[in-house]
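These notes concern the structure reproduced below.
The values are calculated or read from the model by the stated rules, or taken from the named source; none is laboratory data. Model, not experiment: these values are computed from the prediction. With ideal geometry, Cβ positions are generated from the backbone for all residues, glycine too; neighbour counts draw on all protein chains shown. Quick note on the areas: whole protein, heavy atoms, side chains included, nothing else; ligands and nucleic acids left out. Shrake-Rupley method; radii C 1.70, N 1.55, O 1.52, S 1.80 Å.
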Amino acid sequence: IRSRALQTMDNVTSLGELEDLRVKFLGKKGELTSILKEMGRLSKEERPVIGQIANEVRNEIENKINCVKEELIEKQKYEKMEKEKIDISISTNKERIGHRHPLLSTIEELEDLFISMGFTVVDGPEIETVENNFDALNSPENHPSRDLSDTFYITEDILLRTHTSPVQIRAMKEYGAPLRIVSAGRTFRFDDVDDTHSPMFHQIEGLVVDENISMANLIHTLDIFIKELFGKDMKTRYRPHYFPFTEPSAEVDVTCMACRGKGCPACNNTGWSMELLGCGMVHPKVLENCGIDSDKYTGFAFGMGIDRITMVKYGLNDIRLLFDNDNRFLEQF
Ligand code: PHE
């Protein structure tokens, strides 16, 4: 029994098989047990001798079973680990991780700057009413920007916003005065595409309404903003301009980034980057259109092209680079 048991156990490959063998040799109806059951028939002298041998055999078989059991469990563990192994050195070229688009980086940088100056970021829809985009902003019925050739109309009363200024209207109507907000997003104008024009572009709009707000606050705010964005040596220059929703209005030039004001081909040797911003004091009629008392409150507003700023910031010479989604371009940021 002993040699048969030990030999067969060497060939066992699973825990189930091992258990079958245990029952076969040591179980209640097993081979060894049936021998022990016969012990009664032996003589007094034979009994202890046979009993001892039987016990030895049982111990040996039990030890062997435990050994084989441990080996099998170890083997199973190892096989499981082999199966579940992850090869961390395999290349994962297929799943390339994306990153921020230069336009989004610029938007976030601009928003963060204005947040640090106490502004709140608000959002507005890209599909707007003619009322919010033109009428409430005091834009005259015959203003050329309303023209079908400049504006994407969806119906007679609905259009793709031509600037972010309708967000001013929404904010003033919703929150009233005092107010300090910025809003960035997509804007649309019927332009042919070239290296500086795109029918879809981006603006960021700012609006401050409070008591005693003056042109000095506007100039100071934009001056600090430009210095923070481009560097302490940057200057701003204000040229009178016309916008229906601000009075007085100005266009703002900023020190040329390429030559820091010394004069270079990029700025036609003027030292100035032209028309980076539009701004002005909010027209009293616009405040009144939004239910704000224009005797008590005044405000300033400004708007600028984010695409232009991104191009200046990264030294890009073609606005189309920002929208083509060519990976060779995007991977550089
Ligand atoms: N909305 C103007 C534009 O699109 C910019 C602007 C905003 C001007 C706010 C003045 C005040 O050109």
> When region 109-144 is examined, which residues are found to be in contact (Cβ under 8 Å) with a residue 40 or more places away in the chain and either within 15 Å of Phe190 (Cα to Cα) or assigned to a loop (DSSP other than H, G, I, E, B) (or both)?
Replying inline: Met117, Gly118, Phe119, Val122, Asp123, Gly124, Glu126, Asn138, Ser139, Pro140, His143
> Of all the strands (runs of 3 or more DSSP E) wholly in region 202-288, which have at least 2 residues that are near the ligand (Cβ under 10 Å from one of its atoms) and open to solvent by less than 30 Å² (accessible area, probe 1.4 Å)?
Replying inline: 246-255, 272-282
> Looking at region 291-318, which of its residues are part of a loop (DSSP other than H, G, I, E, B) and at pLDDT below 95?
Replying inline: Gly315, Leu316, Asn317, Asp318
> Quick check, is Ile204 within 27 Å of the chain's Cα centre (by Cα) and at pLDDT 95 or above?
Replying inline: yes
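Results for (1) under 19 Å from Asp210 (Cα atoms); (2) touching a residue at least 60 places away in the same chain (Cβ under 8 Å); (3) among the small types (Gly, Ala, Ser), shown as yes or no for each residue.
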site	(1), (2), (3)
Phe245	yes, yes, no
Ala250	no, no, yes
Cys264	no, no, no
Ala301	yes, yes, yes
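Looking for whichever is surrounded by 14 or more Cβ atoms within 10 Å (Cβ to Cβ), away from the ligand (no atom under 16 Å from the Cβ) and among the basic types (Lys, Arg) here; the options are Arg308, Arg328, Arg320. Which one fits?
None of the others qualify; the one that does is Arg320.
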> Can you name the number of the only condition in (1) over 59 Å from the mean Cα position of the chain (by Cα); (2) modelled with pLDDT of 85 or more; (3) surrounded by 12 or more Cβ atoms within 10 Å (Cβ to Cβ) that Gly30 fails?
Replying inline: (2)
> Consider Leu137 against the criteria (1) within 27 Å of Phe225 (Cα to Cα); (2) open to solvent by 80 Å² or more (accessible area, probe 1.4 Å): it satisfies all of them except one. Which criterion is unmet?
Replying inline: (2)
> Say we look at region 140-149 and pick out the residues that are among the charged types (D, E, K, R) and open to solvent by 60 Å² or more (accessible area, probe 1.4 Å); which of these is modelled with the lowest pLDDT?
Replying inline: Asp147
>> Looking only at region 156-182, filter to residues that are within 12 Å of the ligand (Cβ to nearest atom) and in a loop (DSSP other than H, G, I, E, B); which one of those is surrounded by the fewest Cβ atoms within 10 Å (Cβ to Cβ)?
In response: Thr162
